[in-house]
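Derivation of every value follows stated rules applied to the coordinates shown; laboratory data play no part. Keep in mind the model is a prediction, meaning the values are calculated, not measured. Using ideal geometry, Cβ is built from the backbone for each residue, glycine included, and neighbour counts are taken over all protein chains shown.
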Amino acid sequence: MIKKFHFLILILGNLLCSYSYAVAQPENETYGHLIQANSLFHDGKYEEALINYQVVIENQPSNNYVLEQIRRAEEELLYTEITDETNTDENCRKYISKYGEEGKYILNVKNILSQNLLSEAYKYYQNKEINSLENTYKEYLSLLGSVKSNEMKQWLYSLCIEMATEEIRKKEWMSSKVLFERSLKYSSTDLEFSEAQKGIERASKKIK
């Protein structure tokens, strides 16, 4: 009887050891992936680090530390694409949308996009593509705010006035009035506002 009891104890002990080992194995593997991921991240190998972080998060979906590391690795990869000039504007927009003011590189990204949009806007100004210029200006304000946008605003005002004046020469009074009205939105000084108002009045008299 005692021998049978000892035999049962031995079997139960082996089962418990086997279970503990089976449970410990995934945990050890997960920890190994985490160590590897952190090492790769430190070396700037973000794609490889992400692969290992994903393995960890599959086993520990609520691990906030790993979730944050994934976010940081993805941010680093996106910024690398921006600085490598891979779809720069598109990726700048994506970065601003995803990370906003909390982004590690937000100031650099905004500066890159700002310069690109200003360059694009100037081409529209030279080609008198006023609608494209206006859309670029609106996007600039939406993504980057009003800082450094005054130059683009001045181009819009000047182009509206120039095109309105051309319409007057052709005696296209209605279209000139519309352009003068449009220029009011982009006037920055009392003199510019007054110039636009006078244009509206002149065109309105002719329409009557």
Expected sort for PHE41, PHE180 with the fewest Cβ neighbours (10 Å cutoff) up front is PHE41, PHE180
Could you give me D for the chain, from Stokes-Einstein at 4 °C and 1.567 mPa s, where the hydrodynamic radius is the Kirkwood radius over C-alpha pairs? Units µm² s⁻¹, please.
58
For GLU90 paired with SER204, estimate the spin-label separation in nm (one decimal), with each label point 7 Å from Cα along the Cα-to-Cβ line.
4.7
With Cα atoms, 0 to 90° folded angle of helix 190-207 axis to the chain main axis
60
With r as the distance between the Cβ atoms of HIS42 and THR83 and R0 = 22 Å, compute the FRET efficiency 1/(1 + (r/R0)^6) and round to 0.05.
0.65
Restricting to DSSP H runs of at least four residues, report the calculated mean residue ellipticity at 222 nm for the chain, -39500 (n - 2.57) per run over all residues, nearest 500 deg cm²/dmol.
-28500 deg cm²/dmol
Ranking MET174, MET152 by Cβ neighbours within 10 Å, fewest first, what do you get?
MET174, MET152
Taking the Cα atoms of region 126-169, report the difference between the largest and smallest coordinate on each principal axis, in whole Å and largest first.
38, 16, 14
Taking 0.36 nm per residue of separation and subtracting the Cα-Cα distance, what length does fully extending TYR31 through LEU184 add?
48.7 nm
Quick calc: nm separation of the 7 Å Cα→Cβ label points for PHE193 and SER97 -> 3.7
So the FRET efficiency between LYS148 and LYS123, C-beta based with R0 = 22 Å and rounded to 0.05, is 0.80
Which of ARG169, ARG202 comes first, and how do the rest follow, when ranked by fewest Cβ neighbours within 10 Å?
ARG169, ARG202
Output the 0 to 90 degree angle, nearest 10, between the alpha-carbon long axis of helix 130-144 and the longest principal axis computed from the alpha carbons of the chain.
40
